[in-house]
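The values are calculated or read from the model by the stated rules, or taken from the named source; none is laboratory data. Remember, it's a predicted structure, so these values are computed and weren't measured experimentally. Cβ sites come from the backbone with ideal geometry, for glycine too, and all protein chains shown count toward neighbours. Each accessible area value is taken on the protein alone, full model and side chains, heavy atoms only, with ligands, DNA and RNA left out. Shrake-Rupley method; radii C 1.70, N 1.55, O 1.52, S 1.80 Å.
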Amino acid sequence: MIFSDGLPNYSQPLYRPPSEGNSLIFQITEGCSWNNCSFCGMYISKKFRIKPVEDVKAEIDNLAPYIKERTKRVFLADGDAAVYPTEGLIEILDYLNEKLPKLQRVSVYAGPHALMKKKIPEWEELHKRKLTLLFFGLESGNDEVLKHMNKGMKAGKVLEKAKRIADIGIDFSVMVILGGGGRKLSEQHMLDSAKWISELSPKYASLLTLFLRRKRDYFDSVEKPTMGSLLEESKIFVSNVKPKKGIIFRSNHVSNLVPLKGTLPKSTERLIAEIDEAIKYAKKTGIYDNEPELYEEF
Ligand code: SF4
């Protein structure tokens, strides 16, 4: 079924990274192939399916001429859309390149299962066809936290594979979740995450804050962070990322308490000063020990 307004056919809910706001989105998969992380209910209402290549091609054909003419960036959804079988994905990328004359970049949500499953020559073929950016939810560099999140991966193994993919020239945008380890694992969660990020030195890294998304169990299983502990986590992370090359760092998601923006390590000192200022304010106003209002669904 194709919409007649010249846009791809979307099924809700539809998520995309904030930075892909100007990209044309195609849902080549619907839902998440894993759909099992204990903190995440993003796709809980959707049954996972891989959309047939022919359907995606029909959506590309159906684009309004001015969209075909202008589109420079394409984002492939839903969650972990990189699990799409490589042969079909190559066909889709070839078709996008053929039909969108100004196409510069294709990006995709890539979960650990897609990263591990596809072999390096497959990633090379995808890269040749302008798949040049992977959005990867690391969530934590600490295996105990990952186990609690039921992420289905070991941080070290994924790091090794991610390094090899990055060597091809594919960029990563890696997300870490503040508060994801609860209070008990808070410090180790951030130290290990900073170490993981330093080792990969992805082009982009961001911090989001854990908030309720339809699955309540996880929030009952960890000691909820406070405003103060979340700020301290940001500080531990920013202070301990020692990248091999500059990382564009963002912590300005709607869930974050303080918007942070810079390049690591160039902006490290400024960012720490900004976090210290926020900590000072939280203490002064008595909100340091309060829980943030992140445990109501939004
Ligand atoms: S966090 Fe990502 S991989 Fe895990 S269930 Fe949610 S969408 Fe799927």
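What are the residues in the range 63-80 that are open to solvent by less than 50 Å² (accessible area, probe 1.4 Å) and either within 13 Å of the ligand (Cβ to nearest atom) or not in a helix (DSSP H, G or I) (or both), if any? Within the range 63-80, Leu63, Ala64, Thr71, Val74, Phe75, Leu76, Ala77, Asp78, Gly79, Asp80 qualify. Contact map, the range 105-132: first residue more than 14 Å from Glu87 (Cα to Cα), second residue hydroxyl-bearing (Ser, Thr, Tyr) and more than 13 Å from the ligand (Cβ to nearest atom), Cβ cut-off under 6 Å, separation 6 or more or different chains; pairs are Arg105/Thr132.
Matching residues to (1) modelled with pLDDT under 95; (2) more than 23 Å from the chain's Cα centre (by Cα); (3) closer than 27 Å to Lys163 by Cα; (4) surrounded by fewer than 21 Cβ atoms within 10 Å (Cβ to Cβ):
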position	(1), (2), (3), (4)
Glu232	no, no, no, yes
Ser239	no, no, yes, yes
Ile248	no, no, yes, yes
Ser251	yes, no, yes, no
Arg270	no, yes, no, yes
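The residues of the range 126-156 that are under 30 Å from Phe219 (Cβ atoms), more than 16 Å from the ligand (Cβ to nearest atom) and open to solvent by 70 Å² or more (accessible area, probe 1.4 Å) amount to a single one, Glu144. Reported count of residues in the range 219-253, each being of a type in the set (S, T, N, Q) and part of a loop (DSSP other than H, G, I, E, B), is 2. Restricting attention to the range 94-112, the residues that are touching a strand residue (DSSP E or B) at 6+ places or on another chain (Cβ under 9 Å) and of a type outside the set (S, T, N, Q) total 10. Residue count for the range 23-63 satisfying the condition of being among the β-branched types (Val, Ile, Thr) and over 16 Å from Ile90 (Cα atoms): 2. Can you spot a residue in the range 47-56 that is open to solvent by 50 Å² or more (accessible area, probe 1.4 Å), away from the ligand (no atom under 16 Å from the Cβ) and part of a loop (DSSP other than H, G, I, E, B)? Looking through the range 47-56, at least one residue is open to solvent by 50 Å² or more (accessible area, probe 1.4 Å), away from the ligand (no atom under 16 Å from the Cβ) and part of a loop (DSSP other than H, G, I, E, B).
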